[in-house]
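Structure, as structure tokens:
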Amino acid sequence: MVSRVIPVDPFDLVIFGGTGDLARRKILPALFRRFCAGQMGTDARVVGAARTEMDSAAYREFAREAITEFDDNEECAAESLDGFLEQLSYITLDARGDTGWQAMKAAMRDGPIQAFYFSVGPGLFGDLAERLHAYEIAGPDSRIVVEKPFGRDLASAQALNKGLAKHFDESQIYRIDHYLGKETVQNLMAIRFGNTLFEPLWNAQYVDHIQITVAESVGVGTRGGYYDKSGAMRDMMQNHLMQLLCLIAMEPPAKFDPAAVRDEKLKVIRALEPVDAEDVVRGQYEGTGELPGYRNQVENRDTRTESFVALKARIGNWRWAGTPFYIRTGKRLRARASEIAVVFKDAPHSIFGADAGRHRNILTIRLQPNEGIELGVTIKEPGPGGMRLVDVPLDMSFAEALGPDSADFPDAYERLIMDVVRGDQTLFMRGDEVEAAWAWVDPIIDAWQEVESDPILYASGSSGPDDALRLMHKDGRRWREIKP
Ligand code: NAD
């Protein structure tokens with residue numbers, strides 16, 4: 001089955017911060033892959049804009065190197081790369097000054113869709129918005145794309161929203177959370193709302209609990225400077241994990257459209273109960289063997305920033321009252337593995353007796369690696385010897401059912417950038433959602449600061465601090481194993 005590619009309309013995409021790490025690793029390779037797939041036409045233009053002094057020829061070389069290094073799609077031929085690069089140009093520009101803005105105005109065409117990707121630190125969002133307006137470059141149909149982190153608390157997120165709202169309507173603002181662009185995350189919505197099978201069971205009556213794990217095996221590496229100001233709570237929980245929680249927990253929207261989906265997500269965040277102190281565990285990894293510990297990878301050797309957080313979230317509404325959501329994320333864990341597991345309750349009565357053991361249905365949505373969805377069902381163990389039960393996976397991996405090409409789907413950045421061009425905000429965060437998420441997270445971080453205690457140390461390559469295990473043990477449950 002070959003996926004259907006519908007070419008998008010002609011567009012001008014400006015990448016502010018076009019020489020930065022994100023542009024190099026994600027944005028340029030993503031655009032190239034969409035070009036190869038035939039979705040980005042030869043009438044589209046990409047303009048890199050940053051402080052770095054260079055001309056368009058040098059920028060094309062920069063893009064060539066980035067794509068050669070970071071694009072792993074071997075089907076994209078070298079001659080396609082030359083074609084793609086012809087559509088790139090560059091403007092040296094200062095977000096805080098006057099340099100480059102007249103040139104940018106002159107570079108924009110009348111007619112094509114206009115999108116401005118703010119791939120710069122959030123400290124520059126307001127300056128860019130201001131100048132796009134002052135130099136009359138952006139109009140009422142232009143779109144802007146902003147990256148995380150969207151603030152570091154509620155007050156700063158509100159200030160960012162206010163700065164953007166001075167010049168752009170909410171319908172023009174695309175706040176990226178690349179988790180929402182993952183194929184499996186969207187498949188989660190298809191499974192929930194495209195089948196009659198699951199939705200009737202999707203509530204506290206049938207679901208015992210839900211686990212969300214985003215585990216990384218790597219440490220902070222060279223990003224210690226940035227990470228130490230943020231930590232797992234701000235860097236992962238407030239955005240990616242909360243977005244996953246929303247999609248799992250939301251009521252069925254009336255339509256798969258931006259307003260309906262985002263309204264439902266917002267209701268979930270607003271229904272979250274405050275988290276009790278004993279229901280949060282924060283950790284920091286220790287060095288093991290040759291691997292340095294967290295404190296040796298950041299400037300402040302006494303830092304209290306967490307590289308791990310686990311918590312129990314409760315949603316106070318009719319659907320979920322009594323069904324906890326256990327959520328954890330961390331670095332330097334046993335494996336790189338992200339999944340959502342919906343653990344259903346035991347059958348109300350076992351006709352097979354105590355010897356048959358305890359069996360539960362678990363729906364696992366695997367985000368990485370090996371994206372896919374699996375439903376654990378209980379069957380009879382084959383062979384003689386009576387009625388012994390065994391749990392087997394009903395595997396819904398795309399490749400097997402839909403053919404090998406189906407596993408060849410666009411990555412998150414490819415999809416999301418094309419959604420910007422198409423004007424579809426469904427998979428982007430709305431301003432009120434982001435603020436509501438901060439409003440829930442802020443008191444947890446504030447409480448840590450008040451008690452002035454250190455995070456719990458955990459060994460690199462482990463499953464996190466033992467206290468995180470106890471978080472579930474005290475409720476008579478346990479985490480699923482973190483495995484690659
Ligand atoms: P970076 O430091 O590598 O690049 C910053 C870019 O901004 C450079 O092109 C630089 O020239 C430009 N710039 C800085 N000051 C400028 C000014 N005054 N005027 C014009 N241009 C200016 O940063 P990055 O890693 O590419 O990150 C960009 C944004 O994306 C940040 O908000 C970051 O948090 C976010 N982000 C990055 C990643 C990642 O993997 N790198 C992932 C998620 C989010």
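Summed over region 132-180, the residues that are in a strand (DSSP E or B) and away from the ligand (no atom under 14 Å from the Cβ) give a count of 2. Going through (1) over 21 Å from L469 (Cβ atoms); (2) part of a loop (DSSP other than H, G, I, E, B); (3) under 22 Å from the mean Cα position of the chain (by Cα) one by one, P274 falls short only on (3). Quickly run through region 156-183 and pick out the residues that are in contact (Cβ under 8 Å) with a residue 40 or more places away in the chain and more than 25 Å from G139 (Cβ to Cβ). Within region 156-183, A157, Q158, D177, H178, Y179, L180, G181, K182, E183 meet the criteria.
When D9 is tested against (1) more than 16 Å from the ligand (Cβ to nearest atom); (2) within 29 Å of G126 (Cβ to Cβ); (3) charged (D, E, K, R), exactly one condition is not met: (2).
Go over the candidates R24, R33 one by one and state the one that is at pLDDT below 95 and either within 16 Å of the ligand (Cβ to nearest atom) or buried (at least 20 other Cβ atoms within 10 Å of the Cβ) (or both).
Values: R24 fails: at pLDDT below 95.
The unique qualifying residue is R33.
Here F256 fulfils each of the conditions (1) more than 24 Å from R360 (Cβ to Cβ); (2) more than 16 Å from the ligand (Cβ to nearest atom); (3) surrounded by 18 or more Cβ atoms within 10 Å (Cβ to Cβ); (4) of a type outside the set (G, A, S) apart from (3).
When T99, T68 are screened for being at pLDDT 95 or above, polar (S, T, N, Q) and out of contact with any Pro (no Cβ under 9 Å at 6 or more places or on another chain), only T99 passes. Being of a type outside the set (D, E), in the same structural domain as A66 (by TED's automatic domain parsing) and farther than 16 Å from F70 by Cβ holds for only one residue in G48, G41, and it is G41.
Would a scan of region 70-81 turn up a residue that is within 16 Å of the ligand (Cβ to nearest atom), under 23 Å from C36 (Cβ atoms) and surrounded by fewer than 15 Cβ atoms within 10 Å (Cβ to Cβ)?
Narrowing region 70-81 to residues within 16 Å of the ligand (Cβ to nearest atom): 70-71.
Pick out the ones that are also under 23 Å from C36 (Cβ atoms) and you get 70-71.
Remaining after also requiring surrounded by fewer than 15 Cβ atoms within 10 Å (Cβ to Cβ): 70.
Yes.
For the residues L402, L427, L394, the requirement of being at pLDDT 90 or above and of a type outside the set (F, W, Y) singles out L427.
For A49, are the conditions met, namely being under 22 Å from D419 (Cα atoms), at pLDDT 95 or above, away from the ligand (no atom under 16 Å from the Cβ) and touching a Phe, Trp or Tyr at 6+ places or on another chain (Cβ under 7 Å)?
no
Within region 227-276, being of a type in the set (G, A, S) and closer than 17 Å to L188 by Cβ holds for A249, A260. Looking across region 213-242 at every residue that is polar (S, T, N, Q) and within 19 Å of R336 (Cβ to Cβ), the one that is surrounded by the fewest Cβ atoms within 10 Å (Cβ to Cβ) is identified as T222. Please enumerate the residues belonging to region 108-123 that are outside any loop (DSSP other than H, G, I, E, B) and closer than 19 Å to Y90 by Cα. If the condition is that a residue be outside any loop (DSSP other than H, G, I, E, B) and closer than 19 Å to Y90 by Cα, then I113, Q114, A115, F116, Y117, F118 are the ones that fit.
Would you mind stating whether D391 is more than 20 Å from K182 (Cα to Cα) and surrounded by fewer than 18 Cβ atoms within 10 Å (Cβ to Cβ)?
Details: more than 20 Å from K182 (Cα to Cα): yes; surrounded by fewer than 18 Cβ atoms within 10 Å (Cβ to Cβ): yes.
Considered against the rule, which asks whether it is more than 20 Å from K182 (Cα to Cα) and surrounded by fewer than 18 Cβ atoms within 10 Å (Cβ to Cβ), D391 comes out as yes.
A129 versus (1) under 26 Å from D177 (Cα atoms); (2) of a type outside the set (D, E, K, R); (3) more than 14 Å from the ligand (Cβ to nearest atom); (4) within 29 Å of the chain's Cα centre (by Cα): which is the lone unmet condition? The single condition A129 does not satisfy is (3). In region 443-472, the residue that is surrounded by the fewest Cβ atoms within 10 Å (Cβ to Cβ) out of those that are among the aliphatic types (A, V, I, L, M) and more than 27 Å from E290 (Cα to Cα) is V451. Which of the residues that make up region 82-100 are within 9 Å of the ligand (Cβ to nearest atom) and buried (at least 19 other Cβ atoms within 10 Å of the Cβ)? Selection gives L93, A95, G100.
Look through I210, I176, I191 and report the one residue that is out of contact with any Gly (no Cβ under 9 Å at 6 or more places or on another chain), farther than 26 Å from S119 by Cα and at pLDDT 95 or above.
On the way: I176 fails: farther than 26 Å from S119 by Cα; I191 fails: at pLDDT 95 or above.
Of the residues listed, the single one that is out of contact with any Gly (no Cβ under 9 Å at 6 or more places or on another chain), farther than 26 Å from S119 by Cα and at pLDDT 95 or above is I210.
Counting only residues that are in a loop (DSSP other than H, G, I, E, B) and of a type outside the set (D, E, K, R), region 421-452 holds 5 of them. When region 101-126 is filtered for residues that are more than 8 Å from the ligand (Cβ to nearest atom) and without any contact (Cβ under 8 Å) to a residue 60 or more places away in the chain, the ones remaining, listed by number, are W101, Q102, A103, K105, A106, D110, G123, F125, G126. Region 315-404 holds strands (runs of 3 or more DSSP E) entirely within its bounds, and those carrying 3 or more residues that are in contact with a Pro (Cβ under 8 Å, 6 or more places away or on another chain) map to 372-380. Where strands (runs of 3 or more DSSP E) sit wholly within region 1-97, those with at least 3 residues that are within 24 Å of the chain's Cα centre (by Cα) and closer than 22 Å to L132 by Cα occupy 11-16.
Within region 281-296, the set of residues being touching a residue at least 24 places away in the same chain (Cβ under 8 Å), surrounded by fewer than 23 Cβ atoms within 10 Å (Cβ to Cβ) and out of contact with any Ser or Thr (no Cβ under 7 Å at 6 or more places or on another chain) comprises P292, G293.
The values are calculated or read from the model by the stated rules, or taken from the named source; none is laboratory data. Because the structure is predicted, anything quoted here is derived from the model rather than measured. Using ideal geometry, Cβ is built from the backbone for each residue, glycine included, and neighbour counts are taken over all protein chains shown.
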